Each structure stands twice: as structure tokens, then as C-alpha cells.
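The values are calculated or read from the model by the stated rules, or taken from the named source; none is laboratory data. Quick caveat, the model's predicted, so the values are computed rather than measured. A quick note on method: Cβ atoms are made from the backbone with ideal geometry, for glycine too, and the neighbour counts reach across all protein chains shown. Surface areas here come from the heavy atoms of the whole protein model, side chains and all, with no ligands, DNA or RNA. Shrake-Rupley method; radii C 1.70, N 1.55, O 1.52, S 1.80 Å.
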Amino acid sequence: MFTADEIQSFVNQGIQNLIKANEANKLQAPVEYALSAGGKRVRPVLCLLVYNMFMDTMPNSVLHPALGLEVYHNFTLVHDDVMDNADMRRNRPAVHKKWDVNTAVLAGDSMNVLAYKYISRCDPEILPLVLESFNKAADQVCEGQQMDMIYEKQAFITEDDYIEMISHKTGALLACSFELGGLCAGVAPQTAQNLYQAGMSLGIAFQIRDDYLDVYGDTNVLGKPTGTDIENNKKTWLHTCAMRHATGDNLVQLTGLLADKTIPRRTAQFIDLYNKLGVKEEAEQRIAYYTDKTMEFLKDPQIPQAKSTVLIEFIKGLTDRKR
């Protein structure tokens, strides 16, 4: 078996090899820029960790599809930044700011094609199943982004709305990462489905943790300011929790804060209200709930439990992370 650090190294080296192999492309510069920004490389690492539970080798027939997941994820970030008119991505100018919008759109399109090229480099016998899984995830990610854009125009959303949105926008590709690792290892259909559900549950826990850190994280550890979701009226899990619990004067204050971004100490008032309503504690409970669901799906009888330790430790690192 490989360690998580070894698998991370495989992914990092694979990204470098992929960039080098793409250097003849006229859009190579913005594509390389987007892919070299770093990040946790969560999706390919999870795919390979799942595969590692069943197989002791790491052939290109699984490494390349795993890299395809990372390329696709970064493609969505390039286009998301254009749609959001975001200036920065991972502490650097976004692609459309370093170049221009048209270049960013084309670079994203090129990355989408590149992702499919690498996804398709699996064992030919499982290619239909791999493409079915990836196409489903890719479609859901687009739907999730559309939901996010729709919800930006709404004053409130429910927790069910939120879970549906992040199940598409975040959960779908993590679920696909788990499933692809299993498919490349030749697991049975029911095991592949359980791996998919494990990834989906992890995706929800992962996103709620992101929301939590934006309010309760340590800025020195995060390397960026907190409270940006509140400033932008972003529909986070914490937002939906506050809306569920607020009544009377608390509800009046909450709706007033949502309606007027010019209120002095607005972010601090939001956090005070969250604390009063028990949002912090309930968020921690929800993260634990979805993490536990992830672990339950990984108790599939076909999964070698003795070989699941590395994956489980990596999952705990994601849901307990400080940044």
C-alpha cells in the first residue's frame, strides 16, 4: 500500500507531466497557470486512495483518470471566477484578470476537453462505466453552479435547498472520485454505489466545513480573512441554520442584516447572532453527522477494512481541517 504523501506526490508529478505534454497548445500558458495554483488536489488523491484499498500498484490506467478529475475541477474554477467576476483565486489574480475574459473562457473549454482525454485513459473494458459516472458528475456540477446563481438572488433558502445545491456543486465530483477509484479497481456494482455515496456524504461535510471556517476559522492559519461569505450574503449552511432558529427580535435583526450591507459592524453582528442561535455547535454536529455517514458507507463487506486506514485518516483530515 502507498501512503497519502506518496499518493500526493504521484498526483503532483502527474500534473507536471500533464502540463508538459500540453505545451504545444496555444492556450498552454493560462491552462498551466490555472493548474499550477496549488490547492489540496483532493479529488485525484481520493480516487487513488480508494483504488489503493483494492490494488497494490498505481498504473496510468487509474492515475490518468484521477488527473482528469483535477483538470475538470480547475476548469470549473476558471469559469466560476468569470461568472462571479472574482479578482483572486488562491491568492493570485484569477485567469480572466491575468489575461482577459475571452482567454479564460477558452482556457476553461480547453481544460474541459483535456479532462475528458485523461478520464478516457482507463482500462477500455470499463470506459463506458467511467464515462457514465464522470458525465453524471459533470452535469451535476453545472446544475449546482446554476442553483448557486439562482439562490444569490433569493433572500433565504432552506437547508434542503442548500444540501441539494452542494450535493451537485461539491458532492458530485467527490462522489465520482470515489466511484472511479472503485471502478478502476474492478469492484462490484453495489460496492461502487457505496463508494459513490461515501464520496457524496464527504462532499457535504467538506463544504459545510468550508462554510464553518469562513466564520470561525483562524485567519493566521487560513491565510485569508474570514467573514467574506457573510459580507457577500452567500447562502451557506450557517445561513440556513440561523434562518431555521431565528424568531422574534433575532429574526428581525437577521433579516435587517441580510437586507442592508451598509450596517456598521455587520459581519460582527452576524457572528454574534450565530453564536446566540447555537449555529457554531450545530454546524460541528452536522459535519460529524455527514462524516459518520461517509464511514458507514465504507463498511461495505467487499472493502478490505485493514487497507482502508489511509483513506479514513485522509478523510478525517479533510473534515477536521483548520484551513
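Of note:
- Checked against (1) under 24 Å from Arg286 (Cα atoms); (2) open to solvent by 10 Å² or more (accessible area, probe 1.4 Å), Leu195 passes all but a single condition, namely (2).
- Boolean, Asn275 is part of a helix (DSSP H, G or I) and modelled with pLDDT under 95: no
- Summed over the stretch 210-227, residues that are in contact with an Asp or Glu (Cβ under 8 Å, 6 or more places away or on another chain), part of a helix (DSSP H, G or I) and either of a type outside the set (A, V, I, L, M) or under 17 Å from Lys136 (Cα atoms) (or both) total 3.
- Number of positions in the stretch 41-58 that are more than 14 Å from Cys122 (Cα to Cα) and hydroxyl-bearing (Ser, Thr, Tyr): 1
- Residue list for the stretch 112-130, filter: surrounded by fewer than 15 Cβ atoms within 10 Å (Cβ to Cβ) and hydrophobic (A, V, I, L, M, F, W, C): Val113
- Candidate set from the stretch 258-272 (those that are modelled with pLDDT of 95 or more and either under 22 Å from Phe206 (Cα atoms) or surrounded by 13 or more Cβ atoms within 10 Å (Cβ to Cβ) (or both)); member that is farthest from the chain's Cα centre (by Cα): Ile263
- Residues satisfying the stated conditions in the stretch 35-71, i.e. open to solvent by less than 30 Å² (accessible area, probe 1.4 Å) and in contact with a Lys or Arg (Cβ under 8 Å, 6 or more places away or on another chain): Ala37, Gly38, Asn52, Met53, Pro65, Ala66, Gly68, Leu69, Glu70
- Residues satisfying the stated conditions in the stretch 287-320, i.e. charged (D, E, K, R) and either surrounded by 20 or more Cβ atoms within 10 Å (Cβ to Cβ) or at pLDDT below 95 (or both): Asp300
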